[in-house]
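So that we are looking at the same thing, I have put the structure below in structure tokens.
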Amino acid sequence: MGACANQVDRIEGGLVLTPEGFLPQPVFVSGERIGKAEDSGPMGGAVLDAAGGYVVPGFIDLHFHGCAGADFSDGDPEGLHRIAAHEARCGVTVICPASMTLPEDVLARAFSVAAAFVPGEAEAELVGINMEGPYISPGKVGAQNPGYVRPADLAEFDRLQVAAKGLVKLVDVAPEVPGNLEFVEAVSRRVRVSVAHTCAGYDCAREAFERGAHHMTHLYNAMPGLHHREPGPIAAGAENPAVMAELIADGVHVHPAMVRLAFELFGPDRVVLVSDSLRASGLGDGSYELGGQEFTVRGNRATLADGTLAGSVSNLADCVRTAVLAMGVPLEDAVRAATANPARALGIDDIRGSIEPGKMADLLVLDDDLRVRAVVLRGRRLV
């Protein structure tokens, strides 16, 4: 699986993201955790020079399907290791891969592989599964396979959660489908429920949020848009302070003005940047497979045969960079949307998502052009 480089004792010379913003201060590392000054090794130990750069937490992608030629739904252990290694090299130190709309046995196999996954020392940590299908609307399938779309089934979900050994952290639901609102209410105390791939209007979405759905999958995509007489699910989500919204800032899925609007509507603490990347991420142009359907990559666009966007060929680090440099999102807001916010959504903010003593030493150094210059993974320098 590859080997990490030396243990890092401290990072010096960079601007560090703190609760007060970016400040010039060192970051101390103690083993796998962020430490205090007194925890640092002797002077002259392993020092990472971040001069001229920004020190931020490792990125957390809670919605992506694959990369480097592998897809989470393949249910292939070696492919999952390849995904985790590629993501770590890109600066994504924590992953929560998303499944596709597929038969139960195929999902169960992928979930059981995830449950058995143990990362190598150069691989991102897998902390959950995002169950994007199959409980979605036949009218908003996007790149999901319509042949496997079905109403929410609590018994099926419970079986899949057993196969995953409790790793399912998010489940996507179209609330307008008969029976799905009852499912939302039944599972929302156990997992995070996301309104997704939906034709729901404002009232239906609002009811779903009131019944416990506190998340929206790739905002704007595969849902009705904002309209002054039919505000739809976006307005309902923005009004509810418990709801967080995913956003694909790859420069393809959402116009820059709508990205900025999302940060205004929801506030910077309720936006979660995601990549929604496919197995083609990290590769080149060509034809690939997604959930039993072929898609084609040309440049930075991945589409089905009918032109439907099929996900992205980006990664979360590139999405953060694009959000800031091409879309005008403040750097601090974009970084928190890829670190602290997804950590809260996944319930892991006690140990990840910010640079504080005691938390995991997953750290990045970004250069002045916001490219990943160095990756520290669980206290060891990887890149």
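The values are calculated or read from the model by the stated rules, or taken from the named source; none is laboratory data. These numbers were taken from a predicted model, which means no experiment stands behind them. Here Cβ is always computed from backbone atoms with ideal geometry, including for glycine, and neighbour counts include all displayed protein chains.
Kindly establish whether A310 is aliphatic (A, V, I, L, M), over 30 Å from D368 (Cβ atoms) and touching a residue at least 40 places away in the same chain (Cβ under 8 Å).
The answer is yes for A310.
Looking only at the stretch 247-267, filter to residues that are more than 19 Å from L331 (Cβ to Cβ) and part of a loop (DSSP other than H, G, I, E, B); which one of those is modelled with the highest pLDDT?
So, considering only residues that are more than 19 Å from L331 (Cβ to Cβ) and part of a loop (DSSP other than H, G, I, E, B), the one modelled with the highest pLDDT is H255.
Restricting attention to strands (runs of 3 or more DSSP E) lying wholly within the stretch 268-325, give those where 2 or more residues are in the same structural domain as H255 (by TED's automatic domain parsing) and modelled with pLDDT of 95 or more.
Because the criterion is at least 2 residues that are in the same structural domain as H255 (by TED's automatic domain parsing) and modelled with pLDDT of 95 or more, the strands (runs of 3 or more DSSP E) in the stretch 268-325 that meet it are 271-274.
Can you pull out every residue in the stretch 162-202 that is assigned to a helix (DSSP H, G or I) and small (G, A, S)? Full working, then the answer.
If we filter the stretch 162-202 for residues that are assigned to a helix (DSSP H, G or I), which is where we start, we get 162-163, 180-187, 202.
Correct list: A163, A186.
Something else now. Just to verify a result, which residue in the stretch 28-38, among those that are of a type outside the set (D, E) and over 25 Å from the mean Cα position of the chain (by Cα), is surrounded by the most Cβ atoms within 10 Å (Cβ to Cβ)?
Of all residues in the stretch 28-38, those of a type outside the set (D, E) come to 28-31, 33-37.
Keeping just the survivors that are over 25 Å from the mean Cα position of the chain (by Cα) gives 28-31, 35-37.
Values: F28: 21, V29: 27, S30: 19, G31: 12, G35: 19, K36: 10, A37: 9.
Per the stated criteria, the residue is V29.
Taking only pairs six or more apart or across chains, which ones have beta-carbon atoms under 6 Å, a first residue in the stretch 83-99 that is part of a strand (DSSP E or B), and a second residue that is of a type in the set (D, E)?
V92/D61; T93/D362; V94/E125; I95/D61; I95/E87; A98/E132
Regarding R336, is this residue surrounded by fewer than 23 Cβ atoms within 10 Å (Cβ to Cβ) and basic (K, R)? Give the derivation first.
Numbers: surrounded by fewer than 23 Cβ atoms within 10 Å (Cβ to Cβ): no; basic (K, R): yes.
So R336 does not fit the description; no.
For the stretch 312-332, which residues satisfy the criterion of being under 14 Å from I60 (Cα atoms) and in contact with an Asp or Glu (Cβ under 8 Å, 6 or more places away or on another chain)?
Residues satisfying the conditions are N315, L316, D318, C319.
Would you mind finding the one in P268, P233 that is touching a residue at least 12 places away in the same chain (Cβ under 8 Å) and surrounded by fewer than 24 Cβ atoms within 10 Å (Cβ to Cβ)?
On the way: P233 fails: surrounded by fewer than 24 Cβ atoms within 10 Å (Cβ to Cβ).
Going through P268, P233 in turn, the sole match is P268.
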